[in-house]
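Q: Can you keep this structure in mind? I'll have questions shortly.
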Amino acid sequence: QQQEEEEEQEEEGESFYFRLNGVPVYAKGANLIPLHVLSTAVTAHDVVLLLESAAAANMNMIRIWGGGLYQLDALYAAADELGLMVWQEAMFACSPYPRDPSFLSNVDAEITQQILRLGSHPSIILWGGNNEIEASLEWYNETKSNLALYAVDYVELFQHTIGKVVHQMLPGMPWLDSSPSNGHITLDDDDTYSSDAQRVSAAADNAAAAAAASTAAAAAAESVSVKRWGNSQNPKYGDVH
(Lines give C-alpha, C1' and ligand atoms only; values in the text may rest on other atoms or scores of the structure.)
Protein backbone atom coordinates (compact mmCIF):
# COMPACT_ATOMS: atom_id res chain seq x y z
CA GLN A 1 0.00 0.00 0.00
CA GLN A 2 2.84 2.39 0.81
CA GLN A 3 4.28 1.72 -2.65
CA GLU A 4 0.94 2.54 -4.31
CA GLU A 5 0.63 5.77 -2.32
CA GLU A 6 4.16 6.81 -3.34
CA GLU A 7 3.41 6.12 -7.00
CA GLU A 8 0.23 8.20 -6.81
CA GLN A 9 2.31 11.14 -5.57
CA GLU A 10 4.76 10.91 -8.48
CA GLU A 11 4.49 13.60 -11.11
CA GLU A 12 3.49 12.34 -14.56
CA GLY A 13 6.51 11.36 -16.63
CA GLU A 14 8.82 11.31 -13.63
CA SER A 15 9.56 7.58 -13.45
CA PHE A 16 10.70 4.88 -15.84
CA TYR A 17 11.20 1.42 -14.39
CA PHE A 18 10.09 -2.19 -14.63
CA ARG A 19 7.86 -3.96 -12.16
CA LEU A 20 7.85 -7.76 -11.93
CA ASN A 21 5.09 -9.48 -9.97
CA GLY A 22 4.25 -6.12 -8.46
CA VAL A 23 7.83 -5.44 -7.33
CA PRO A 24 9.82 -2.52 -8.84
CA VAL A 25 13.11 -3.75 -10.31
CA TYR A 26 16.29 -1.75 -10.77
CA ALA A 27 17.65 -2.70 -14.20
CA LYS A 28 21.38 -3.43 -14.30
CA GLY A 29 22.86 -4.51 -17.58
CA ALA A 30 24.42 -3.67 -20.92
CA ASN A 31 23.80 -3.34 -24.63
CA LEU A 32 24.48 -6.49 -26.59
CA ILE A 33 25.98 -5.74 -29.99
CA PRO A 34 26.93 -8.35 -32.62
CA LEU A 35 29.60 -10.62 -31.17
CA HIS A 36 31.60 -10.79 -34.41
CA VAL A 37 31.79 -8.85 -37.66
CA LEU A 38 30.86 -12.12 -39.40
CA SER A 39 27.63 -13.33 -37.83
CA THR A 40 28.16 -16.89 -39.08
CA ALA A 41 31.29 -17.10 -36.93
CA VAL A 42 29.17 -16.87 -33.75
CA THR A 43 28.08 -20.14 -32.16
CA ALA A 44 25.40 -21.01 -29.63
CA HIS A 45 28.18 -21.66 -27.13
CA ASP A 46 29.47 -18.11 -27.63
CA VAL A 47 26.17 -16.43 -26.77
CA VAL A 48 25.47 -18.72 -23.82
CA LEU A 49 28.93 -18.02 -22.40
CA LEU A 50 28.35 -14.28 -22.80
CA LEU A 51 25.06 -14.37 -20.93
CA GLU A 52 26.55 -16.54 -18.20
CA SER A 53 29.25 -13.89 -17.79
CA ALA A 54 26.57 -11.16 -17.58
CA ALA A 55 24.73 -13.08 -14.86
CA ALA A 56 27.99 -13.69 -12.99
CA ALA A 57 28.62 -9.93 -13.06
CA ASN A 58 25.23 -9.41 -11.33
CA MET A 59 23.53 -8.00 -14.41
CA ASN A 60 19.81 -8.63 -14.67
CA MET A 61 19.03 -7.18 -18.13
CA ILE A 62 20.44 -7.33 -21.64
CA ARG A 63 19.38 -4.87 -24.35
CA ILE A 64 19.49 -6.33 -27.85
CA TRP A 65 20.71 -3.21 -29.62
CA GLY A 66 18.67 -2.09 -32.64
CA GLY A 67 21.82 -1.33 -34.63
CA GLY A 68 22.84 -4.98 -34.67
CA LEU A 69 20.92 -8.15 -35.52
CA TYR A 70 18.29 -10.48 -34.13
CA GLN A 71 20.14 -12.94 -31.95
CA LEU A 72 20.37 -16.73 -32.04
CA ASP A 73 17.65 -18.82 -30.41
CA ALA A 74 20.24 -20.06 -27.93
CA LEU A 75 20.64 -16.58 -26.47
CA TYR A 76 16.98 -16.25 -25.55
CA ALA A 77 16.84 -19.78 -24.16
CA ALA A 78 19.87 -18.97 -21.99
CA ALA A 79 18.27 -15.73 -20.80
CA ASP A 80 15.15 -17.68 -19.80
CA GLU A 81 17.24 -20.19 -17.86
CA LEU A 82 19.49 -17.60 -16.19
CA GLY A 83 16.66 -15.25 -15.23
CA LEU A 84 18.01 -12.39 -17.32
CA MET A 85 15.51 -9.84 -18.64
CA VAL A 86 15.79 -8.95 -22.33
CA TRP A 87 15.01 -5.57 -23.88
CA GLN A 88 14.46 -6.57 -27.50
CA GLU A 89 14.65 -3.97 -30.25
CA ALA A 90 13.70 -4.19 -33.90
CA MET A 91 16.73 -3.77 -36.16
CA PHE A 92 16.52 -0.11 -37.10
CA ALA A 93 18.99 2.55 -36.00
CA CYS A 94 20.24 6.12 -36.28
CA SER A 95 18.71 7.29 -39.56
CA PRO A 96 15.36 7.97 -41.24
CA TYR A 97 13.58 5.15 -43.08
CA PRO A 98 11.01 5.25 -45.90
CA ARG A 99 7.29 4.62 -45.56
CA ASP A 100 6.29 3.43 -49.01
CA PRO A 101 3.84 0.48 -48.97
CA SER A 102 6.33 -2.13 -50.17
CA PHE A 103 8.84 -1.22 -47.46
CA LEU A 104 6.20 -1.18 -44.71
CA SER A 105 4.89 -4.54 -45.90
CA ASN A 106 8.39 -5.97 -45.69
CA VAL A 107 8.84 -4.59 -42.17
CA ASP A 108 5.46 -6.01 -41.11
CA ALA A 109 6.60 -9.45 -42.29
CA GLU A 110 9.97 -9.07 -40.52
CA ILE A 111 8.46 -8.18 -37.15
CA THR A 112 5.78 -10.86 -37.47
CA GLN A 113 8.44 -13.48 -38.18
CA GLN A 114 10.57 -12.43 -35.22
CA ILE A 115 7.64 -12.39 -32.80
CA LEU A 116 6.58 -15.85 -33.95
CA ARG A 117 10.14 -16.99 -33.24
CA LEU A 118 10.73 -15.14 -29.98
CA GLY A 119 7.34 -14.25 -28.53
CA SER A 120 7.14 -17.22 -26.16
CA HIS A 121 10.33 -16.36 -24.27
CA PRO A 122 9.49 -15.06 -20.77
CA SER A 123 12.86 -13.29 -20.62
CA ILE A 124 11.73 -10.67 -23.17
CA ILE A 125 10.05 -8.00 -21.06
CA LEU A 126 9.97 -5.14 -23.58
CA TRP A 127 9.99 -4.65 -27.35
CA GLY A 128 11.52 -1.50 -28.77
CA GLY A 129 11.17 -0.06 -32.25
CA ASN A 130 14.66 1.28 -32.87
CA ASN A 131 17.90 2.71 -31.55
CA GLU A 132 18.20 6.52 -31.47
CA ILE A 133 16.08 7.31 -34.53
CA GLU A 134 13.81 9.70 -32.67
CA ALA A 135 16.91 11.59 -31.53
CA SER A 136 18.50 11.37 -34.97
CA LEU A 137 15.82 13.59 -36.51
CA GLU A 138 17.72 16.46 -34.89
CA TRP A 139 21.14 15.33 -36.18
CA TYR A 140 20.99 15.78 -39.95
CA ASN A 141 20.38 18.94 -41.98
CA GLU A 142 17.85 17.15 -44.17
CA THR A 143 15.71 15.91 -41.29
CA LYS A 144 16.04 19.13 -39.29
CA SER A 145 14.82 21.17 -42.22
CA ASN A 146 11.91 18.80 -42.92
CA LEU A 147 10.88 17.69 -39.42
CA ALA A 148 7.19 17.50 -40.26
CA LEU A 149 7.80 15.11 -43.16
CA TYR A 150 10.18 12.85 -41.27
CA ALA A 151 7.99 12.83 -38.17
CA VAL A 152 5.11 11.44 -40.22
CA ASP A 153 7.46 8.83 -41.77
CA TYR A 154 8.61 7.89 -38.26
CA VAL A 155 5.11 7.49 -36.88
CA GLU A 156 3.96 5.42 -39.85
CA LEU A 157 6.85 2.98 -39.49
CA PHE A 158 7.37 2.70 -35.75
CA GLN A 159 3.91 3.39 -34.33
CA HIS A 160 1.49 2.25 -37.00
CA THR A 161 3.50 -0.66 -38.44
CA ILE A 162 5.95 -2.14 -35.92
CA GLY A 163 4.04 -1.02 -32.84
CA LYS A 164 0.77 -2.29 -34.26
CA VAL A 165 2.21 -5.76 -34.94
CA VAL A 166 3.67 -5.96 -31.42
CA HIS A 167 0.39 -4.91 -29.80
CA GLN A 168 -1.65 -7.33 -31.91
CA MET A 169 0.60 -10.36 -31.46
CA LEU A 170 1.75 -9.71 -27.89
CA PRO A 171 -1.14 -8.00 -26.06
CA GLY A 172 0.08 -6.34 -22.89
CA MET A 173 3.75 -6.42 -23.86
CA PRO A 174 5.51 -3.16 -22.91
CA TRP A 175 6.43 -1.25 -26.07
CA LEU A 176 8.78 1.69 -26.59
CA ASP A 177 9.13 3.15 -30.07
CA SER A 178 12.74 4.34 -29.65
CA SER A 179 15.58 4.63 -27.16
CA PRO A 180 16.20 7.30 -25.98
CA SER A 181 12.67 8.55 -26.34
CA ASN A 182 9.86 10.69 -25.04
CA GLY A 183 7.71 7.58 -25.32
CA HIS A 184 4.08 7.75 -26.34
CA ILE A 185 0.68 8.64 -24.98
CA THR A 186 -1.47 5.61 -24.24
CA LEU A 187 -5.00 5.90 -25.58
CA ASP A 188 -7.96 5.03 -23.40
CA ASP A 189 -10.79 3.00 -24.90
CA ASP A 190 -13.14 5.98 -24.85
CA ASP A 191 -10.73 8.40 -26.51
CA THR A 192 -12.02 10.06 -29.68
CA TYR A 193 -10.15 11.36 -32.67
CA SER A 194 -10.69 14.93 -31.54
CA SER A 195 -9.42 14.33 -28.01
CA ASP A 196 -6.43 12.44 -29.43
CA ALA A 197 -5.50 15.43 -31.56
CA GLN A 198 -5.87 17.77 -28.60
CA ARG A 199 -3.67 15.56 -26.42
CA VAL A 200 -0.97 15.24 -29.04
CA SER A 201 -0.99 18.95 -29.76
CA ALA A 202 -0.79 19.72 -26.05
CA ALA A 203 2.23 17.44 -25.71
CA ALA A 204 3.97 18.93 -28.71
CA ASP A 205 6.86 21.30 -28.27
CA ASN A 206 8.34 21.32 -31.74
CA ALA A 207 7.22 21.67 -35.34
CA ALA A 208 7.40 17.94 -36.02
CA ALA A 209 4.88 17.13 -33.33
CA ALA A 210 2.43 19.80 -34.41
CA ALA A 211 2.55 18.67 -38.03
CA ALA A 212 2.16 14.99 -37.13
CA ALA A 213 -0.69 15.50 -34.66
CA SER A 214 -3.55 15.16 -37.14
CA THR A 215 -1.94 12.12 -38.78
CA ALA A 216 -1.55 10.41 -35.42
CA ALA A 217 -5.13 11.19 -34.42
CA ALA A 218 -6.56 9.90 -37.69
CA ALA A 219 -4.77 6.58 -37.17
CA ALA A 220 -5.85 6.18 -33.54
CA ALA A 221 -8.52 3.64 -34.44
CA GLU A 222 -5.77 1.20 -35.43
CA SER A 223 -3.31 2.04 -32.66
CA VAL A 224 -3.18 1.99 -28.87
CA SER A 225 -0.95 5.04 -28.57
CA VAL A 226 0.19 8.23 -30.23
CA LYS A 227 3.72 9.55 -30.33
CA ARG A 228 4.92 12.05 -27.73
CA TRP A 229 7.40 14.51 -29.27
CA GLY A 230 9.98 16.70 -27.57
CA ASN A 231 13.61 16.60 -26.47
CA SER A 232 14.47 12.88 -26.38
CA GLN A 233 17.19 13.56 -23.81
CA ASN A 234 14.70 15.11 -21.39
CA PRO A 235 14.36 12.78 -18.37
CA LYS A 236 10.78 13.95 -17.91
CA TYR A 237 9.44 11.13 -20.11
CA GLY A 238 10.75 7.88 -21.52
CA ASP A 239 14.34 6.76 -21.06
CA VAL A 240 17.67 8.52 -21.47
CA HIS A 241 20.90 7.03 -22.83
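The values are calculated or read from the model by the stated rules, or taken from the named source; none is laboratory data. Worth saying up front: this structure is predicted, and the values here are computed from it rather than measured. Note: ideal-geometry Cβ built from the backbone for every residue, glycine included; neighbour counts use all protein chains shown. Surface areas here come from the heavy atoms of the whole protein model, side chains and all, with no ligands, DNA or RNA. Shrake-Rupley method; radii C 1.70, N 1.55, O 1.52, S 1.80 Å.
For every residue, the table says whether it meets (1) within 25 Å of S232 (Cβ to Cβ); (2) part of a helix (DSSP H, G or I); (3) without any contact (Cβ under 8 Å) to a residue 12 or more places away in the chain; (4) acidic (D, E).
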position	(1), (2), (3), (4)
L51	no, yes, no, no
A54	no, yes, no, no
G68	yes, no, no, no
A77	no, yes, no, no
H121	no, no, no, no
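Q: Here is a further query. Has region 86-103 got at least one residue that is assigned to a loop (DSSP other than H, G, I, E, B), of a type in the set (D, E) and without any contact (Cβ under 8 Å) to a residue 40 or more places away in the chain?
A: yes
Q: For region 119-162, which residues satisfy the criterion of being surrounded by 23 or more Cβ atoms within 10 Å (Cβ to Cβ) and small (G, A, S)?
A: G128, G129, A151
Q: OK, next. Search region 166-189 for residues that are more than 14 Å from G128 (Cβ to Cβ) and pair each with any residue that is in a strand (DSSP E or B) and at pLDDT below 90 when their beta-carbon atoms are under 7 Å apart and the residues are at least 6 apart or on different chains.
A: Within 7 Å, the pairs are I185/S225; I185/V226; T186/S225; L187/S225; L187/V226.
Q: Here's something else I'd like to know. Report, by residue number, each residue of region 39-49 that is assigned to a loop (DSSP other than H, G, I, E, B) and buried (at least 17 other Cβ atoms within 10 Å of the Cβ).
A: Listed by number, the list holds a single entry, V42.
Q: Go through (1) at pLDDT 55 or above; (2) open to solvent by 10 Å² or more (accessible area, probe 1.4 Å); (3) not in a loop (DSSP other than H, G, I, E, B) for S194 and report which single condition fails.
A: Result: S194 passes all but (1).
Q: Of all residues being touching a strand residue (DSSP E or B) at 6+ places or on another chain (Cβ under 6 Å) and buried (at least 20 other Cβ atoms within 10 Å of the Cβ) in region 85-107, which is farthest from Y154 (Cα to Cα)? Just the residue, please.
A: This residue is M85.
Per-residue answers, yes or no, for (1) touching an Asp or Glu at 6+ places or on another chain (Cβ under 7 Å); (2) buried (at least 17 other Cβ atoms within 10 Å of the Cβ); (3) within 30 Å of T186 (Cβ to Cβ):
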site: E12; (1), (2), (3): no, no, yes
site: F16; (1), (2), (3): yes, no, yes
site: N21; (1), (2), (3): no, no, yes
site: Y26; (1), (2), (3): no, no, yes
site: G29; (1), (2), (3): no, yes, yes
site: V37; (1), (2), (3): no, no, no
site: N58; (1), (2), (3): no, no, no
site: I62; (1), (2), (3): no, yes, yes
site: E81; (1), (2), (3): no, no, no
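Q: Could you check how many residues of region 126-155 are closer than 30 Å to R19 by Cβ and either without any contact (Cβ under 8 Å) to a residue 40 or more places away in the chain or part of a strand (DSSP E or B) (or both)?
A: 4
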